[in-house]
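The values are calculated or read from the model by the stated rules, or taken from the named source; none is laboratory data. All of these numbers come straight from a predicted model, not from anything done at the bench. Every residue, glycine among them, receives a Cβ derived from its backbone with ideal geometry; neighbour counts consider all protein chains shown. These area figures cover heavy atoms from the full protein model, side chains too; ligands, DNA and RNA do not enter into them. Shrake-Rupley method; radii C 1.70, N 1.55, O 1.52, S 1.80 Å.
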Amino acid sequence: MEGYLPSDDERSQVGKAKDLLIGDCMKKAGYGQWHPAPELPRMGPKTVTDWRYGIHDGELAKRRGYKPDEAEQAAYEAAVNVGAVDGTSAAGPDGKALQVCIGEARTRIDANQAAYGEEAQKLGNEAFTRSKEDPKVVAAFQAWSSCMKEQGYDYKQPLDASDDQRFGGREVTPEEIATATVDISCRNRTQVAKIWWEAEVKLQTASLEKNAETLEKARKDLDASVKAVADVLAGEK
């Protein structure tokens, strides 16, 4: 389904074009001091499938448990802090001007929201959920769970460990690192991510063939939106 989703570059270009349109609109409305929040840097997964089935980097797990790289985390938080005072308050007490400008930008750039991969995302999520019911995946989950239990950890499915509420805080605890390290070891031993991925590939392929017409139309809509974005950016040069 990834081929029917907007790429990182396409998403970035859409964001830039919207910011330009909103900025022009705000200036005309008398709020020339408004400026958009900075683009958030990537943190954690690098691709659609990275971390989809859980962690896999042993060295990172030894340092950070289930959390992203510390440098990525710091850069992301710094950008969020800057964005918290990005000037949106300049839109007036109720922010109506900003909302109007956002609406106008969306109308020009992406009136067809489906163009941004909603259908492909939905079908991909469905395949991900159904893949957990595949007999081979169920067996792999059981093997992984048994491996974890040998080391004193009681989790039924691989993502249960990373979703453990004890590891939800900002601090990386020794317990989290110990759990993640064993998790990686059990993942390698049982090949659970590979088996899970193979099961989902089959489901996504079947779904793609069944919904080919809808997905192809969505891809054409996406290409049209990207063209509109390119026109906006070209007009600002």
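Annotations for the structure displayed:
- Near Q165, once Lys and Arg are set to +1 and Asp and Glu to -1 for all other residues with Cβ below 15 Å from its Cβ, the sum equals -4.
- Relative contact order for the chain: 33 percent, from Cα pairs under 8 Å spaced at least 6 residues apart, divided by residue count.
- Exposed-site-free run, longest, the chain (rule: GluC sites (Glu not before Pro); DSSP loop; at most 14 other C-beta within 10 Å): 40-132
- Theoretical gain in end-to-end length, T129 to L159 [0.36 nm per residue, Cα-Cα removed]: 9.6 nm
- Net charge contributed by nearby residues that have their C-beta within less than 14 Å of K149 (K/R +1, D/E -1): -2
- Computed about the Cα centre, the dipole magnitude for the chain is approximately 160 debye when only Lys and Arg (+1) and Asp and Glu (-1) carry charge, each at its Cβ.
- Carbon plus sulfur fraction of accessible area for the chain, probe 1.4 Å, in percent: 53 percent
- Measuring between alpha carbons in the structure, the pairs from K67/K194; K16/K217; K122/K217; K62/K132; K122/K202 lying more than 20 angstrom apart are K67/K194; K16/K217; K62/K132.
- Per residue accessible area of the chain, 1.4 Å probe, in Å²: 58 Å²
- (i) 1.06; (ii) 0.93; (iii) 1.01, with the label sought being that of the calculated Rg/Rh (Cα atoms, Kirkwood Rh): (i)
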